[in-house]
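In what follows, a single structure is set out as structure tokens and then discussed.
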Amino acid sequence: MLLGLHLQSHFWVPPEGIERDFTDIKDVISQLSYGLTEINRKHEKLQGEIERISETLPAVAAAAGRARDALEPSRMSRHSLNVHDYDRQIVDYALETAGAKVIDTGNTIEYMIHESPVSWALHILAASFCRECLGAASIIRPGTLPGECWAFKGTKGEATIRLLSNIYVTGISLEHIPPHISPTKEISSAPRLFQLEGLEFRNDPYPHDFGSFEYDKDAKPIQYFEVRHPSTKGYNLVRIRIYSNWGHTVYTCVYRVRVHGELVRKSPNSIRDDGDNLVELE
């Protein structure tokens, strides 16, 4: 009995002690919650800064490129090409009729105006079986009349193009309709800042950056841009990333993309498709 009383006195905790322990636990949990809230707030702030910097980098790179072009007039020789006979003066390795293809558009959301719920459902069904947006192929086809473009929601979009062969990429041309043939007499939906990348394979996590550029809506409809960072390696896949347009808040329109360069002579008779299968050229 004495032993039992001794053990009871040793382990028994008065109600006031239990309440005090619970209060201490609640204080610790409250401090931890506050600490986690502060960490989340700082993480969101840091993420916002990173996004802001990433959006600024293409603009800075494009501005640096324009400054370099102004200091080196010899780099502007391609701009003297005749717009009305452009495709007869420089080879386009991203031309669909020559064998190129748009194989991926990432998370880009195509802008569509559907006349009925049925057409909307059919579009969703078709898009579920195709990795690329259905209208993206228009950017590598001849023809740039008003409306013959790839329109996507917002200001950011991308398209991966399988070129007709392995190419030493030297330049890219971007085309948009001039304001005077636009039904609204303005082209605020034209791309502004964009970037060109070379890919080893689809969704390559380490693409080669050919440079960032700015399309001038007040200049010629077809504008040539020499790559900022040439590569000694030939590429069969290139990706164009659009970062902004000239003010349209609903969608951006891309009319025509041309990729220029030199054919890799080491393997002129074959290319790799997006499934890594060799395809013989005609």
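The values are calculated or read from the model by the stated rules, or taken from the named source; none is laboratory data. Treat the numbers as computed from the prediction; the structure is a model and nothing was measured. What goes into the accessible areas is simple: the full protein's heavy atoms, side chains included, and nothing from ligands, DNA or RNA. Shrake-Rupley method; radii C 1.70, N 1.55, O 1.52, S 1.80 Å.
Restricted to Cα atoms, the stretch 230-269 shows a radius of gyration and a Dmax of 15.5, 46 angstrom. Counting heavy atoms of the protein chains alone, residue 109 has an accessible area of about 100 Å² for a 1.4 Å probe. Using all pairs of distinct alpha-carbon atoms, the Kirkwood hydrodynamic radius of the stretch 143-205 works out to 14.4 angstrom.
For residue 235, the residues 5 or more places off, or on other chains, whose built amide H falls under 5 Å of its own are 167, 168, 169.
Could you pull out every one of the lysines with an alpha carbon less than 30 Å from that of residue 220, ignoring same-chain neighbours closer than 8 positions? Excluding near neighbours in sequence, the set is 101, 153, 156, 185.
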